[in-house]
Amino acid sequence: MSNSQRLIIAVCTRARKNMLLACMNSISQLVPHHDFEITLIICDNNSKPMTSKDQEEIKAAANVPLNYVHEVQAGIPFARNTALNTARSLNPDWIAFIDDDEILDPQWLVEMSKAMDKWPAEIYHGWTQSTPEDLNAPWSFHRPRNKRQPGTIMETAGTDNVLFSVEAVTDLNFDETMRFSGGSDIDFFYRATDRGAKIVWVPDAITREITPASRLTFGYQVRRSYSVASAQAYISRKRFGLQKASKKAILKAIGRFFGGIAGGVGSSFLFLINQRKGRKLLLSSAKKIASAIGLVRGTNMNLGQIYQKIDGS
(Lines give C-alpha, C1' and ligand atoms only; values in the text may rest on other atoms or scores of the structure.)
Protein backbone atom coordinates (compact mmCIF):
# COMPACT_ATOMS: atom_id res chain seq x y z
CA MET A 1 0.00 0.00 0.00
CA SER A 2 1.32 3.42 -0.91
CA ASN A 3 -1.57 5.90 -0.68
CA SER A 4 -3.72 6.53 2.37
CA GLN A 5 -6.95 4.57 2.18
CA ARG A 6 -10.11 4.93 4.19
CA LEU A 7 -10.66 2.25 6.81
CA ILE A 8 -13.94 1.88 8.70
CA ILE A 9 -13.64 -0.03 11.98
CA ALA A 10 -17.04 -1.41 13.02
CA VAL A 11 -17.91 -2.51 16.56
CA CYS A 12 -21.28 -4.04 17.44
CA THR A 13 -22.31 -3.86 21.09
CA ARG A 14 -25.06 -5.07 23.44
CA ALA A 15 -25.07 -3.14 26.75
CA ARG A 16 -21.41 -3.59 27.62
CA LYS A 17 -20.41 -0.06 28.43
CA ASN A 18 -17.32 -0.79 30.53
CA MET A 19 -15.95 -3.25 28.00
CA LEU A 20 -16.80 -0.93 25.13
CA LEU A 21 -14.97 1.98 26.75
CA ALA A 22 -11.87 -0.18 27.17
CA CYS A 23 -12.12 -1.15 23.50
CA MET A 24 -12.44 2.50 22.48
CA ASN A 25 -9.41 3.44 24.55
CA SER A 26 -7.35 0.81 22.76
CA ILE A 27 -8.40 2.25 19.39
CA SER A 28 -7.24 5.69 20.54
CA GLN A 29 -3.83 4.17 21.35
CA LEU A 30 -3.25 2.52 17.98
CA VAL A 31 0.07 3.49 16.43
CA PRO A 32 -0.96 5.67 13.47
CA HIS A 33 -0.10 4.45 10.00
CA HIS A 34 0.01 6.53 6.83
CA ASP A 35 -1.76 3.77 4.88
CA PHE A 36 -5.01 4.28 6.78
CA GLU A 37 -7.46 7.06 7.54
CA ILE A 38 -9.71 5.67 10.29
CA THR A 39 -13.40 6.22 10.97
CA LEU A 40 -15.26 4.25 13.62
CA ILE A 41 -18.83 2.89 13.59
CA ILE A 42 -20.54 1.79 16.79
CA CYS A 43 -23.71 -0.23 16.27
CA ASP A 44 -25.74 -0.33 19.47
CA ASN A 45 -27.86 -3.51 19.44
CA ASN A 46 -30.33 -2.75 22.23
CA SER A 47 -34.04 -1.99 22.50
CA LYS A 48 -33.23 1.60 23.45
CA PRO A 49 -30.33 3.72 22.20
CA MET A 50 -27.49 4.88 24.43
CA THR A 51 -27.97 8.17 26.17
CA SER A 52 -26.33 11.21 24.60
CA LYS A 53 -23.97 11.33 27.59
CA ASP A 54 -22.81 7.73 27.01
CA GLN A 55 -22.34 8.38 23.30
CA GLU A 56 -20.17 11.41 24.01
CA GLU A 57 -18.13 9.42 26.54
CA ILE A 58 -17.48 6.70 23.98
CA LYS A 59 -16.55 9.21 21.28
CA ALA A 60 -14.09 10.87 23.63
CA ALA A 61 -12.51 7.54 24.53
CA ALA A 62 -12.03 6.53 20.88
CA ASN A 63 -10.50 9.85 19.85
CA VAL A 64 -11.23 9.21 16.13
CA PRO A 65 -14.22 10.23 13.97
CA LEU A 66 -17.14 8.10 15.13
CA ASN A 67 -20.58 7.31 13.73
CA TYR A 68 -23.16 5.94 16.17
CA VAL A 69 -26.02 3.81 14.83
CA HIS A 70 -28.79 1.98 16.67
CA GLU A 71 -30.22 -1.43 15.72
CA VAL A 72 -33.34 -2.33 17.68
CA GLN A 73 -33.63 -5.91 16.38
CA ALA A 74 -31.86 -8.14 18.90
CA GLY A 75 -29.29 -10.50 17.38
CA ILE A 76 -25.72 -10.03 16.18
CA PRO A 77 -26.46 -10.57 12.44
CA PHE A 78 -28.89 -7.63 12.54
CA ALA A 79 -26.25 -5.43 14.18
CA ARG A 80 -23.54 -6.58 11.78
CA ASN A 81 -25.73 -5.80 8.77
CA THR A 82 -26.56 -2.34 10.09
CA ALA A 83 -22.87 -1.66 10.75
CA LEU A 84 -21.84 -3.07 7.37
CA ASN A 85 -24.40 -1.10 5.39
CA THR A 86 -23.60 2.09 7.31
CA ALA A 87 -19.92 1.55 6.52
CA ARG A 88 -20.69 1.00 2.84
CA SER A 89 -22.58 4.31 2.73
CA LEU A 90 -19.35 6.08 3.73
CA ASN A 91 -17.51 4.71 0.67
CA PRO A 92 -14.45 3.23 2.41
CA ASP A 93 -11.70 1.19 0.80
CA TRP A 94 -11.57 -1.27 3.70
CA ILE A 95 -13.85 -2.34 6.55
CA ALA A 96 -12.74 -3.99 9.79
CA PHE A 97 -14.83 -5.70 12.45
CA ILE A 98 -13.74 -6.25 16.04
CA ASP A 99 -15.72 -7.30 19.12
CA ASP A 100 -16.80 -4.85 21.79
CA ASP A 101 -14.97 -6.77 24.55
CA GLU A 102 -11.59 -6.72 22.82
CA ILE A 103 -8.44 -4.67 23.32
CA LEU A 104 -6.46 -3.94 20.16
CA ASP A 105 -2.70 -4.23 20.31
CA PRO A 106 -1.15 -0.81 19.57
CA GLN A 107 0.66 -2.32 16.55
CA TRP A 108 -2.54 -3.73 15.02
CA LEU A 109 -2.70 -1.24 12.14
CA VAL A 110 1.01 -1.57 11.44
CA GLU A 111 0.82 -5.36 11.29
CA MET A 112 -2.22 -5.32 9.01
CA SER A 113 -0.40 -2.98 6.64
CA LYS A 114 2.67 -5.23 6.61
CA ALA A 115 0.44 -8.19 5.77
CA MET A 116 -1.16 -6.30 2.90
CA ASP A 117 2.25 -5.54 1.42
CA LYS A 118 3.50 -9.11 1.86
CA TRP A 119 0.38 -11.14 0.98
CA PRO A 120 -2.01 -9.40 -1.44
CA ALA A 121 -5.55 -10.52 -0.63
CA GLU A 122 -9.09 -9.28 -0.13
CA ILE A 123 -9.47 -10.31 3.53
CA TYR A 124 -7.06 -10.36 6.50
CA HIS A 125 -7.84 -12.23 9.70
CA GLY A 126 -5.96 -11.28 12.87
CA TRP A 127 -5.42 -13.31 16.02
CA THR A 128 -7.75 -12.86 19.00
CA GLN A 129 -6.03 -14.06 22.17
CA SER A 130 -8.54 -15.15 24.83
CA THR A 131 -7.65 -15.36 28.51
CA PRO A 132 -10.03 -16.79 31.14
CA GLU A 133 -11.30 -14.27 33.70
CA ASP A 134 -10.60 -16.86 36.40
CA LEU A 135 -7.49 -18.92 35.64
CA ASN A 136 -8.38 -21.25 38.51
CA ALA A 137 -11.97 -21.94 37.46
CA PRO A 138 -12.58 -25.71 37.63
CA TRP A 139 -13.62 -25.96 33.98
CA SER A 140 -11.13 -23.47 32.53
CA PHE A 141 -8.48 -25.15 30.39
CA HIS A 142 -8.06 -22.87 27.39
CA ARG A 143 -4.77 -21.04 26.77
CA PRO A 144 -3.95 -18.80 23.77
CA ARG A 145 -2.14 -20.66 21.01
CA ASN A 146 -1.54 -20.03 17.33
CA LYS A 147 -2.06 -23.11 15.18
CA ARG A 148 -1.27 -21.49 11.81
CA GLN A 149 1.77 -20.01 10.13
CA PRO A 150 1.64 -16.31 9.13
CA GLY A 151 0.25 -15.91 5.62
CA THR A 152 -1.80 -19.11 5.75
CA ILE A 153 -4.77 -19.04 3.38
CA MET A 154 -8.04 -19.64 5.24
CA GLU A 155 -11.47 -20.79 4.08
CA THR A 156 -13.40 -18.43 6.33
CA ALA A 157 -13.02 -15.89 9.14
CA GLY A 158 -14.78 -14.39 12.15
CA THR A 159 -15.69 -10.79 12.83
CA ASP A 160 -13.70 -10.75 16.08
CA ASN A 161 -10.61 -9.46 14.26
CA VAL A 162 -10.93 -9.08 10.50
CA LEU A 163 -10.19 -6.47 7.83
CA PHE A 164 -11.60 -6.78 4.32
CA SER A 165 -11.92 -4.98 1.02
CA VAL A 166 -15.34 -3.53 0.29
CA GLU A 167 -15.26 -5.10 -3.17
CA ALA A 168 -14.79 -8.58 -1.66
CA VAL A 169 -18.23 -8.52 -0.02
CA THR A 170 -20.28 -6.60 -2.56
CA ASP A 171 -23.98 -7.52 -2.12
CA LEU A 172 -23.19 -9.87 0.79
CA ASN A 173 -25.04 -9.56 4.10
CA PHE A 174 -25.05 -11.59 7.30
CA ASP A 175 -27.67 -14.34 7.58
CA GLU A 176 -30.29 -13.00 10.01
CA THR A 177 -31.83 -16.43 10.57
CA MET A 178 -28.68 -17.15 12.63
CA ARG A 179 -29.95 -14.64 15.16
CA PHE A 180 -28.56 -16.07 18.42
CA SER A 181 -26.73 -19.17 17.20
CA GLY A 182 -23.38 -17.64 16.37
CA GLY A 183 -21.65 -18.41 13.09
CA SER A 184 -23.22 -15.78 10.85
CA ASP A 185 -19.74 -14.32 10.37
CA ILE A 186 -18.32 -17.74 9.41
CA ASP A 187 -21.14 -18.14 6.91
CA PHE A 188 -20.55 -14.62 5.55
CA PHE A 189 -16.86 -15.17 4.84
CA TYR A 190 -17.43 -18.65 3.42
CA ARG A 191 -19.67 -16.99 0.85
CA ALA A 192 -16.90 -14.50 0.11
CA THR A 193 -14.28 -17.22 -0.46
CA ASP A 194 -16.72 -19.39 -2.39
CA ARG A 195 -16.83 -16.66 -5.00
CA GLY A 196 -13.07 -16.16 -5.14
CA ALA A 197 -11.95 -13.91 -2.28
CA LYS A 198 -8.72 -14.84 -0.47
CA ILE A 199 -8.34 -14.73 3.33
CA VAL A 200 -4.86 -14.42 4.86
CA TRP A 201 -3.98 -15.25 8.48
CA VAL A 202 -2.12 -12.40 10.27
CA PRO A 203 -1.20 -13.61 13.79
CA ASP A 204 0.78 -10.46 14.59
CA ALA A 205 -2.36 -8.30 14.24
CA ILE A 206 -3.54 -9.04 17.75
CA THR A 207 -6.65 -8.31 19.77
CA ARG A 208 -7.07 -9.54 23.34
CA GLU A 209 -10.19 -10.50 25.26
CA ILE A 210 -11.09 -11.82 28.69
CA THR A 211 -13.47 -14.79 28.71
CA PRO A 212 -16.02 -13.98 31.47
CA ALA A 213 -16.55 -16.48 34.29
CA SER A 214 -20.09 -17.15 33.05
CA ARG A 215 -18.58 -18.70 29.91
CA LEU A 216 -16.16 -20.92 31.84
CA THR A 217 -18.80 -23.19 33.35
CA PHE A 218 -19.29 -26.81 32.31
CA GLY A 219 -22.84 -26.12 31.13
CA TYR A 220 -22.02 -23.09 29.01
CA GLN A 221 -19.10 -24.77 27.24
CA VAL A 222 -21.19 -27.84 26.42
CA ARG A 223 -24.08 -25.70 25.14
CA ARG A 224 -21.66 -23.67 23.04
CA SER A 225 -20.23 -26.83 21.46
CA TYR A 226 -23.77 -27.79 20.47
CA SER A 227 -24.46 -24.32 19.06
CA VAL A 228 -21.18 -24.15 17.12
CA ALA A 229 -21.72 -27.58 15.58
CA SER A 230 -25.34 -26.85 14.65
CA ALA A 231 -24.23 -23.61 12.95
CA GLN A 232 -21.46 -25.43 11.07
CA ALA A 233 -23.90 -28.06 9.80
CA TYR A 234 -26.45 -25.39 8.89
CA ILE A 235 -23.80 -23.53 6.88
CA SER A 236 -22.68 -26.76 5.22
CA ARG A 237 -26.24 -27.48 4.10
CA LYS A 238 -26.53 -23.98 2.65
CA ARG A 239 -23.26 -24.42 0.75
CA PHE A 240 -23.50 -28.02 -0.44
CA GLY A 241 -27.14 -29.07 -0.23
CA LEU A 242 -28.90 -31.56 2.04
CA GLN A 243 -27.47 -34.80 0.69
CA LYS A 244 -23.80 -33.89 0.81
CA ALA A 245 -24.10 -31.97 4.09
CA SER A 246 -25.98 -34.85 5.73
CA LYS A 247 -23.34 -37.38 4.73
CA LYS A 248 -20.55 -35.23 6.17
CA ALA A 249 -22.48 -34.43 9.34
CA ILE A 250 -23.50 -38.02 10.09
CA LEU A 251 -19.96 -39.35 9.72
CA LYS A 252 -18.60 -36.64 12.01
CA ALA A 253 -21.47 -37.03 14.49
CA ILE A 254 -20.95 -40.79 14.84
CA GLY A 255 -17.24 -40.33 15.51
CA ARG A 256 -17.77 -37.55 18.02
CA PHE A 257 -20.65 -39.29 19.81
CA PHE A 258 -18.85 -42.56 20.43
CA GLY A 259 -15.59 -40.74 21.12
CA GLY A 260 -17.45 -38.72 23.74
CA ILE A 261 -18.94 -41.83 25.33
CA ALA A 262 -15.54 -43.51 25.49
CA GLY A 263 -13.93 -40.39 26.91
CA GLY A 264 -16.65 -40.05 29.53
CA VAL A 265 -15.97 -43.57 30.75
CA GLY A 266 -12.24 -42.96 30.71
CA SER A 267 -12.60 -39.73 32.68
CA SER A 268 -14.06 -41.60 35.66
CA PHE A 269 -10.87 -43.63 35.95
CA LEU A 270 -8.61 -40.63 35.28
CA PHE A 271 -10.27 -38.75 38.17
CA LEU A 272 -8.71 -41.29 40.54
CA ILE A 273 -5.21 -40.35 39.35
CA ASN A 274 -5.50 -36.65 38.49
CA GLN A 275 -8.69 -34.68 39.15
CA ARG A 276 -7.84 -31.80 36.83
CA LYS A 277 -7.07 -34.11 33.90
CA GLY A 278 -10.21 -36.08 34.72
CA ARG A 279 -12.33 -32.92 34.58
CA LYS A 280 -10.66 -31.88 31.34
CA LEU A 281 -11.42 -35.23 29.71
CA LEU A 282 -15.00 -35.18 31.01
CA LEU A 283 -15.59 -31.71 29.58
CA SER A 284 -14.03 -32.67 26.26
CA SER A 285 -16.19 -35.79 26.11
CA ALA A 286 -19.40 -33.91 26.93
CA LYS A 287 -18.56 -31.31 24.26
CA LYS A 288 -18.07 -34.06 21.69
CA ILE A 289 -21.49 -35.54 22.45
CA ALA A 290 -23.14 -32.10 22.34
CA SER A 291 -21.35 -31.40 19.07
CA ALA A 292 -22.58 -34.66 17.58
CA ILE A 293 -26.17 -33.75 18.43
CA GLY A 294 -25.64 -30.23 17.08
CA LEU A 295 -24.36 -31.58 13.75
CA VAL A 296 -27.50 -33.65 13.25
CA ARG A 297 -29.88 -30.90 14.29
CA GLY A 298 -28.03 -28.22 12.32
CA THR A 299 -28.31 -30.28 9.15
CA ASN A 300 -32.06 -30.18 9.77
CA MET A 301 -31.83 -26.36 10.01
CA ASN A 302 -32.23 -26.30 13.81
CA LEU A 303 -29.88 -23.77 15.37
CA GLY A 304 -28.75 -23.17 18.94
CA GLN A 305 -29.50 -19.96 20.85
CA ILE A 306 -26.27 -19.59 22.83
CA TYR A 307 -25.99 -15.81 22.35
CA GLN A 308 -29.49 -14.89 23.48
CA LYS A 309 -28.07 -14.02 26.91
CA ILE A 310 -25.53 -11.22 27.32
CA ASP A 311 -22.34 -12.11 29.20
CA GLY A 312 -19.86 -9.70 30.69
CA SER A 313 -20.41 -6.15 31.83
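Selection within the stretch 32-55: residues that are at pLDDT below 95 and acidic (Asp, Glu). The member of this set that is nearest to LEU21 (Cα to Cα) is ASP54. Listed by first and then second residue, the pairs with beta-carbon distance under 9 Å, at least 6 apart or on different chains, first residue in the stretch 156-170 and in a strand (DSSP E or B), second polar (S, T, N, Q), are ASN161/THR128; ASN161/THR207. Report yes if MET116 is over 21 Å from LYS17 (Cα atoms) and touching a Leu at 6+ places or on another chain (Cβ under 6 Å), otherwise no. Criteria not met by MET116.
Figure legend. Inter-residue proximity from the stretch 124-139: first residues over 25 Å from LEU7 (Cβ atoms), second residues among the basic types (Lys, Arg) and loosely packed, with under 13 Cβ neighbours inside 10 Å, beta-carbon distance below 9 Å, spacing 6+ or different chains. Indicated pairs: THR131/ARG143; PRO132/ARG143; PRO138/ARG276. Residues of the stretch 233-256 include none that is in contact with a strand residue (DSSP E or B) (Cβ under 7 Å, 6 or more places away or on another chain) and of a type in the set (Phe, Trp, Tyr). Taking the residues in the stretch 6-49 that are more than 17 Å from ILE98 (Cβ to Cβ) and loosely packed, with under 15 Cβ neighbours inside 10 Å as candidates, determine which candidate is farthest from the chain's Cα centre (by Cα). Among those residues, the one meeting the criterion is HIS34.
Check ASP194, ASP117, ASP171, ASP134 and return the single one that is of a type in the set (D, E, K, R) and within 19 Å of ASN85 (Cα to Cα).
ASP171
Using the structure shown, decide if PHE271 is assigned to a helix (DSSP H, G or I), at pLDDT 95 or above and at negative phi. Taking the combined requirement at face value, the residue does not satisfy it.
For the stretch 245-303, filtered to residues that are of a type in the set (Ser, Thr, Tyr) and within 23 Å of PRO138 (Cα to Cα), the residue that is surrounded by the fewest Cβ atoms within 10 Å (Cβ to Cβ) is SER268. GLU176 falls short on exactly one of the conditions (1) modelled with pLDDT of 95 or more; (2) surrounded by fewer than 19 Cβ atoms within 10 Å (Cβ to Cβ); (3) not in a loop (DSSP other than H, G, I, E, B), and that condition is (3).
The values are calculated or read from the model by the stated rules, or taken from the named source; none is laboratory data. These figures come from a predicted structure and were not determined experimentally. All Cβ positions, glycine included, derive from the backbone under ideal geometry; neighbour counts span all protein chains shown.
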